Structure formats: structure tokens, C-alpha cells
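Step one of this worksheet: look at the structure below.
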Amino acid sequence: MRLTGWGRKPAVDAEVFAPYSIPDLRSRFPRARFRGIPRGNGRSYGDSALAPQVLSSRRLDRFLAFDAETGVLRCEAGVLLADILDVFVPRGWFLHATPGTKLISVGGAIASDVHGKSHHLEGCFSRHVERFSLMLADGGMVDCSKTQHADLFRATCGGMGLTGFILEATLRLKPIRSAYLRETTFKADDLDHALSLFAEQSGAPYSVAWIDCLATGPRLGRSLLMTGDFIDDGRLHGTAKTPLSVPVDTPGFALNRYSVTAFNALYYHRVRGRQRERVVHFDPFFYPLDGIGHWNRIYGKSGFTQYQFVIPKASGAAGIEEVLQRIAASKRGSFLAVLKTFGPANGNPLSFPMEGYTLALDFRLEPGLLPFLEELDRIVLDHGGRLYLTKDVRMSAETFRAGYPRWKEFQDLRRKYGADTTFRSLQSERLGL
Amino acid sequence: MQKILIIGATSAIAQATARRFAGRGDRLYLLGRDFDRLEALAQDLRIRGAESVDCANFEAENFAGHPALLDQAYETLGGIDVALIAHGTLPDQRACEQSFDEALRELNVNAIGTLSLLTHLANRMEQQGNGTLAVVSSPAGDRGRQSNYVYGAAKAMVTVFCQGLRNRLFGSGVRVLIIKPGFVDTPMTAAFEKGMLWAQPERIAAGIEKAIGKGADSVYLPGFWALIMLMIRSIPETVFKRLKL
Ligand SMILES: Cc1cc2nc3c(=O)[nH]c(=O)nc-3n(C[C@H](O)[C@H](O)[C@H](O)COP(=O)(O)OP(=O)(O)OC[C@H]3O[C@@H](n4cnc5c(N)ncnc54)[C@H](O)[C@@H]3O)c2cc1C
Ligand SMILES: NC(=O)c1ccc[n+]([C@@H]2O[C@H](COP(=O)([O-])OP(=O)(O)OC[C@H]3O[C@@H](n4cnc5c(N)ncnc54)[C@H](OP(=O)(O)O)[C@@H]3O)[C@@H](O)[C@H]2O)c1
């Protein structure tokens, strides 16, 4: 079966195993000849979930237990965050940490230790995971938590599927009293203004900014900062809309044009004065792009990559500014970039977030891009930052090691459990893991 | 709240449909042959909101056991609003050509077992004076082809039997829905390369729920298969017999 990541490059002809239950995995999965990588819903951008052999969780999608008092949910690894929201929002529960798409699996959320707009307060996905069970290279199935097989727990959260296959997990959900949030949008004239707004708004449960990458000179970093907070009006609607879809490939950069138009509309018209408030459903607030199925086709056949890095708070403004200047001068990349602040790092060896600022933007894969991104890597590393593995399709082993100094500890753990020879992705080969 | 019996409940198509029923708060009774998987599914459906879920073991070929099983389901649910019959296998056509024992087993599972269930259910529903019998057949039963005519013959038998039943029960308040899914990505079709025409079980499930709600007689799912099968059926036999299909 032909597989790609969300960025659509590279493509691999993979042998896919998709067990429909844990007993089925035990009895039919040819463990001895498996050399490959777990896969969830394929929403990672690059080659993290690609290998000639793939162990897919897509049929492991059952709910196993739910405690309506505490909001603790046990489910199989292939359950999508969207399924959790469909079932539990109407009963007053939401996710503590959710990325910008709900079309990802619980296993994928753990393996990338995903973050959302609440990282400054609620941390990564793994903070809200009580335990999970993991199939190791030798077929053994172990329970992992912060106290049981804690080394495996920490390495698997953010470990990009390279320690084993997550079978099921126990998560804590977050109580809500409405499916709607009060969203406040602030205008920021430049980068310093945006960062000081983030600092002022650090008590807001959710925050994110869109930066207009076309603004240069004194307006560099011109942006819209959006904060959100669940209200408590008791309206617990899930969703019902049938999503729009992009059925065929369209020429590159359409997304940019759309999004920049949307940005300008907001910046110049809708946001009168310095801020605007409205009440929005959680769907458009958290998952604006999920409404457009397969929007990744907008970039055309060449595919695209998302470049996401984090720079520690200490050197934050200078680092972000340097990268933005470089991108503006290159005339590459999306017209919009997404900026977020991170709270402190957790203790997982490969989790991406560290206290500071993270910026994400899309680039069409085209000639000349790779050397350019290497220049950006240099800036990021010089400021003590690193790149997000789940978006990556091209970083070098050196860049990886410089950004993730605990890589060696991670690799030692993989050796200890025999995972290094069994669980391998195109990405891990490239990164020398 | 509807009272729904699902036969072959662990099938990917049935499971996806059951989840829609559970989400509405229906009361469910599941029959299947792998009890561990049935129990796991039942628990999933309870969490998704089903009012209650019970299950029991069922073997399609054990015709003699069907009446007692169905009575038990009827009692537990307190009547049946919808019975969905979805179990099935995809025969190895070559093996069936070589061995009639093999072919007979496939016919028993895919056709005779279903007729056995329908006979009993139809009488129950007729007495009850309402209800829907929703039966998963297949476009393969629309026309015999060399690549799968044993399966096709079984599904054709199911289709014709259902048509007759519908005709008989007209006016009794009981509806009979024939469901013809096209290519669906399920364990049954795991060995096939998947292309443009393939659908996910969730899409079929949405179509099944809608067709039951509308009281339809027969549906192709997704709908475009109606057109494909119209073309397939309209090819004259003198031409068709030469085709490699
Ligand atoms: C529109 C969009 C917005 C996004 N926004 C954000 C964001 O705001 N924040 C953020 O953190 N991320 C974001 N992401 C990235 C996404 O959340 C991650 O890539 C996530 O891991 C994808 O999950 P998946 O189920 O699709 O996994 P896949 O893409 O299939 O796999 C991702 C990784 O998880 C591993 N994995 C998957 N399942 C298992 C398992 N059962 N056991 C072990 N390993 C497993 C794979 O091996 C692979 O390394 C976004 C992606 C998109 C497309
Ligand atoms: N997939 C397609 O492309 C397609 C197209 C048209 C029609 N259909 C029909 O759709 C229905 C559902 O199939 P599916 O695609 O969802 O496949 P599936 O997931 O493989 O389901 C088949 C189900 O039938 C059960 N079963 C098989 N033999 C049985 C027996 N002797 N007694 C009791 N149960 C038995 C299986 O039980 P176990 O799990 O225990 O084996 C399984 O639950 C079938 O009637 C099939 O013919 C499928």
C-alpha cells in the first residue's frame, strides 16, 4: 500500500499490518520478520510514520472504560481525538492538550507528545496520560506509567514510535461546561508587541498568534494574537457539519493566498480597534483546518513540509526575529506563521517543547529549499533551540543530536529493549537512530 | 430509543453501524461467533452511549440453533425494531470450483444461514406488526461473474428471498431493506489492492442508518454503485460471457 505523511512526500510502498484486536495482534502479526514503524492516522508531516513495513493502529479503535465521575478514559491506541470529542463533549469533557487537528490517534498523540494552545499551563499530551500498554520488540506487552517502567513511559512519550507499539492508553479528560469559548483577538504591530501580549495574556487558558510573514522592516512580526477560554453556558454541542474537501490537486500556494486574505480581512476590517471578542464553538477555535478535508493537496504534487522550531525564552525574541527576517528576504514559505509560547519542558528525552517560543510555517518542497532550511537550522541551533520531529522530513543527524542532547540516553534505552533493530522509520534511519 | 438486533456484529460494517446506533442511545443485542470480540465491542458501544448492550454466540451454519437464539434476543430487547444481518465470508472461488463441499459451506454461511434467520424473524415481526429487516447483500448478486459466482449466487439468493419477503409482508407494517455495499475496506477484503472505488465502513454505516430511517427498499452504498451495476446488468449476455470479470 502506498503511504505518505501529511506533507505527501516521500511516498513508500509499504506492507501494512492492521490488527483488529490485541488478541489478533498476538496471534497473526509476524513479529519475527517485522522491521518497521507504528502508524496512527498519518497526520505527521514527514517520514516519522513511514517504513517498508508498517504496524497500523487504525482498527484498534475501541473505548475500553470510562469513569463518569473522574473523566478517566481507557481506550485503544487507534481511537481518534475526534472520536473522543464526539462522544464526550456532550457529556461535558474535553481534552487537556490538543493539537491543531483532531484527526490524530491517541497513539500518535503520545508518540509525538503533542502540544496545543494551552502548553504554557497544561503541558504536553503525556502529562494527562496515566498509563499505556506497549508491545515491545520481543512481543512482550508491558504496562507503562510514571511509576511503572518509567523509563519506557518517558521514552515512548515523544519517542516517535521507536520504542514499541502502543496498544491502549488511559487518559484524564478535562471537565467543561460549554462547547463554546470566548475568543479575544488582539492586534500586534510588531514582534516585540506580540511577545509582550503573550506575556500579558499568560493567564489565558489558550493562546496562539498568526504572524504576517510579508510584513518587514519596522512591522516585522505584525500579528494577530488569539486567546480563548471555555465559557459555562451549558451548551455542550458536538459538531454536525459535513466538512468541505479539496478533492484534487490545485497549483501550489493557494492555501497561502486564502489564509493571507483571511488574515488581512481580520487585521484590517473585522478587528476594529485593538481587540475583538466573540463566542466560538471549539471546532473552528481549535481545528480550523479540519473543516477542509485534504487541504494538504492545495500544495500540489510537489508536496510540502512544515518547519517548526522552538527557541528558549532567554534568546527568544532575537532568534525569532532573525528567522523571520531570513524568511522574508528569501521570499519562500507561507505568508503566515503560527507562533506559540511553551511552558517548561517535561522530563521526556525526545519531547519537543521547552520553555520559550515556537514558530511553525509551511514550505513547498522545491529546488533550493533544503539548503535554505539548513541556514535556518543554524540559527535555531545557535540560539539553543530545536526542530519538531513530527513535522520533520529533512533534518540531518547532526542537527537532531545538537537539538536533542538526550538522544544517546534514548538510543541506549532502545538497545536495552531490542527496539533499535525492530522499530525503525525512514526518519530514524536518517537521524542515525 | 430503538431496539436493535445485530447479527454478525463483529463485522466491520456492522460495527460501524452499531456505533451510530449507540450514539443515539439505542438498546442493542449483538450476535457473533467470537465472544471475546463481541464483549469488547459491547463495552465500546456502552461507553458510546447505548442504553444497554447484550450479546450471545452465534454460528451461521447452526440453523437448528437460530430460533432459540432469536427468541432470547427478542425477549431481552423486549421486541425488535430493527434486525441487521451482516455476517458473511468471501469464498475462495477457485477452491469452490474444485470442491463442492467447500462451495456448499460457503452457500450455507452466506445464503442458507441468512434465510434461516429471516424466516424466523419475519414471523416474529409480522406478529409484532412492525419492524425493519435490514439485510446486507451485495452487488455481486446482481450478475454472475467467473471470479466470484459462488459468493454471487449466495447473495442473489438472499436478494431474491428478501424481495419475496417484502412482497409478502407488504401491508403488515414490516419493512425489508436490501443493502448492497460496493467495495468496502474491511478484514474480508484485506487481500485486495484498494483504489478509487473503495469506501470505508463508516461511510457504508451512515448509508445504512439513513436507508433504515427512510424506510427504503434497497440501496447501493455508496450510491454510485447503482450506476455501475446498471451498466454491468445492461451488457448483453453474448458479450458478457466473453469478458474477463
Ligand atoms: C493540520 C495539522 C495541525 C497540527 N497541529 C499540531 C499542533 O498544534 N501541535 C502538535 O503537537 N502537533 C500538531 N500536528 C502534528 C500531529 O499532531 C502529530 O504528527 C501526531 O503525532 C499525528 O498523529 P497520527 O495519529 O496521525 O500519527 P502518525 O502520523 O501516523 O504517526 C506519528 C508518529 O507517532 C507514532 N505512532 C503512531 N501510533 C503509534 C502507536 N500506536 N504506538 C507507537 N507509536 C505510534 C508513529 O510511529 C510516528 O512516529 C498537526 C498536524 C496537522 C496535520
Ligand atoms: N467488504 C466488502 O467489500 C463487502 C461488499 C459487499 C457486501 N459485503 C457484505 O457485508 C457483510 C459484512 O462484511 P464485512 O465486509 O464487514 O466483513 P468482515 O468484517 O470480515 O465481517 C464478516 C463477519 O461475518 C462473520 N462470520 C463469518 N462466518 C461466520 C459464520 N459461519 N457464523 C457467524 N459469523 C460469521 C465474521 O465473524 P468473525 O469475525 O468471527 O470471523 C465477521 O464478523 C457481509 O455480508 C459481506 O458479504 C461486504
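Here is a list: B:Pro187, B:Pro201. Which entry is within 18 Å of B:Ile6 (Cβ to Cβ) and either touching a Lys or Arg at 6+ places or on another chain (Cβ under 9 Å) or among the charged types (D, E, K, R) (or both)?
B:Pro187
So how many residues does segment A:196-233 have that are among the hydroxyl-bearing types (Ser, Thr, Tyr) and buried (at least 16 other Cβ atoms within 10 Å of the Cβ)?
4
For segment A:40-60, which residues satisfy the criterion of being within 16 Å of ligand 2 (Cβ to nearest atom) and of a type in the set (A, V, I, L, M)?
A:Leu60
With respect to the numbered conditions (1) open to solvent by less than 10 Å² (accessible area, probe 1.4 Å); (2) closer than 25 Å to B:Lys241 by Cα, which one is the sole condition not fulfilled by B:Asn148?
Status for B:Asn148: all satisfied but (1).
From the list A:Gly319, A:Gly291, pick out the single residue that is within 21 Å of A:Ala209 (Cα to Cα) and touching a Pro at 6+ places or on another chain (Cβ under 6 Å).
The conditions single out A:Gly291.
Take segment A:146-195 and flag every residue that is open to solvent by 20 Å² or more (accessible area, probe 1.4 Å) and under 25 Å from A:Pro23 (Cβ atoms).
A:Gln148, A:His149, A:Glu168
Could you run through segment B:187-245 and say how many residues are polar (S, T, N, Q) and more than 23 Å from B:Gln146 (Cα to Cα)?
Counting residues in segment B:187-245 that are polar (S, T, N, Q) and more than 23 Å from B:Gln146 (Cα to Cα) gives 2.
Among the listed residues B:Arg242, B:Arg175, B:Arg233, which satisfies the condition of being open to solvent by 80 Å² or more (accessible area, probe 1.4 Å), more than 14 Å from chain A (Cβ to nearest Cβ) and in contact with a strand residue (DSSP E or B) (Cβ under 7 Å, 6 or more places away or on another chain)?
The unique qualifying residue is B:Arg175.
The conditions are (1) at pLDDT 95 or above; (2) within 16 Å of ligand 1 (Cβ to nearest atom), and A:Trp210 fails exactly one of them. Which is it?
(1)
What are the residues in segment A:345-363 that are within 16 Å of ligand 1 (Cβ to nearest atom) and either over 17 Å from A:Ile311 (Cβ atoms) or over 17 Å from the mean Cα position of the chain (by Cα) (or both), if any?
A:Asn346, A:Asn348, A:Pro349, A:Leu350, A:Asp362, A:Phe363
Just checking, which of B:Gly213, B:Gly195, B:Gly223 is within 14 Å of chain A (Cβ to nearest Cβ), without any contact (Cβ under 8 Å) to a residue 60 or more places away in the chain and away from ligand 2 (no atom under 12 Å from the Cβ)?
B:Gly195
Inside segment A:165-219, can you point out the residues that are of a type outside the set (Gly, Ala, Ser), touching a Gly at 6+ places or on another chain (Cβ under 6 Å) and assigned to a helix (DSSP H, G or I)?
Across segment A:165-219, the qualifying residue is only A:Leu191.
Exactly one condition in (1) part of a strand (DSSP E or B); (2) surrounded by fewer than 22 Cβ atoms within 10 Å (Cβ to Cβ) is false for A:Leu361; which is it?
(2)
I'd like the residue in segment A:57-80 that is buried (at least 24 other Cβ atoms within 10 Å of the Cβ) and more than 11 Å from chain B (Cβ to nearest Cβ) and, out of all such residues, is farthest from A:Glu15 (Cα to Cα).
In this case the residue turns out to be A:Ala77.
What are the pairs, 6+ residues apart or on separate chains, where a residue within segment A:1-15 that is free of Cβ contacts under 8 Å to residues at least 12 places away in the same chain has its Cβ under 7 Å from a residue that is within 11 Å of ligand 1 (Cβ to nearest atom) and among the β-branched types (Val, Ile, Thr)?
As it stands, the answer is A:Ala11/A:Thr4, since those pairs meet every condition given.
Please indicate, with yes or no, whether at least one residue in segment A:42-50 is closer than 30 Å to A:Phe94 by Cβ, of a type outside the set (Val, Ile, Thr) and open to solvent by 60 Å² or more (accessible area, probe 1.4 Å).
yes
Could you give me the residue pairs with C-beta distances under 8 Å whose first residue belongs to segment A:144-167 and is within 14 Å of chain B (Cβ to nearest Cβ), whose second residue is among the aliphatic types (A, V, I, L, M) and more than 16 Å from ligand 2 (Cβ to nearest atom) wherever it lies, and which are 6+ apart or on separate chains?
A:Leu167/A:Ala77; A:Leu167/A:Leu134; A:Leu167/A:Met135; A:Leu167/A:Met141
Do we find that A:Ser21 is of a type in the set (Gly, Ala, Ser), within 14 Å of another protein chain (Cβ to nearest Cβ), within 16 Å of ligand 2 (Cβ to nearest atom) and surrounded by fewer than 18 Cβ atoms within 10 Å (Cβ to Cβ) in this structure?
Against the criterion (of a type in the set (Gly, Ala, Ser), within 14 Å of another protein chain (Cβ to nearest Cβ), within 16 Å of ligand 2 (Cβ to nearest atom) and surrounded by fewer than 18 Cβ atoms within 10 Å (Cβ to Cβ)), A:Ser21 does not qualify.
Within segment A:284-307, can you find the residues that are closer than 22 Å to A:Leu359 by Cα and open to solvent by 20 Å² or more (accessible area, probe 1.4 Å)?
Hits for segment A:284-307 are A:Pro284, A:Pro288, A:Leu289, A:Asp290, A:Gln306.
If B:Glu106 satisfies all but one of (1) under 29 Å from B:Ala226 (Cα atoms); (2) open to solvent by 30 Å² or more (accessible area, probe 1.4 Å), what's the number of the condition it fails?
(2)
Mind checking whether some residue in segment B:181-202 is surrounded by 18 or more Cβ atoms within 10 Å (Cβ to Cβ), assigned to a helix (DSSP H, G or I) and more than 16 Å from ligand 1 (Cβ to nearest atom)?
Yes, because at least one residue in segment B:181-202 is surrounded by 18 or more Cβ atoms within 10 Å (Cβ to Cβ), assigned to a helix (DSSP H, G or I) and more than 16 Å from ligand 1 (Cβ to nearest atom).
Taking helices (runs of 4 or more DSSP H) that fall entirely within segment A:78-156, which contain at least 2 residues that are near ligand 1 (Cβ under 8 Å from one of its atoms) and among the hydrophobic types (A, V, I, L, M, F, W, C)?
A:106-111
Which residue pairs have Cβ atoms under 7 Å apart, sit 6 or more places apart or on different chains, and have a first residue in segment A:378-402 that is assigned to a helix (DSSP H, G or I) and a second that is β-branched (Val, Ile, Thr)?
Sorted first by the residue in segment A:378-402, then by its partner, the pairs are A:Ile379/A:Val323; A:Val380/A:Ile311; A:Leu381/A:Thr399.
The values are calculated or read from the model by the stated rules, or taken from the named source; none is laboratory data. Predicted model, so just to flag it, every value in this text is computed and none were measured. Glycine gets a Cβ as well: all are built from the backbone with ideal geometry, and neighbour counts include every protein chain shown. Areas reflect the complete protein model, heavy atoms only, side chains present, ligands, DNA and RNA absent. Shrake-Rupley method; radii C 1.70, N 1.55, O 1.52, S 1.80 Å.
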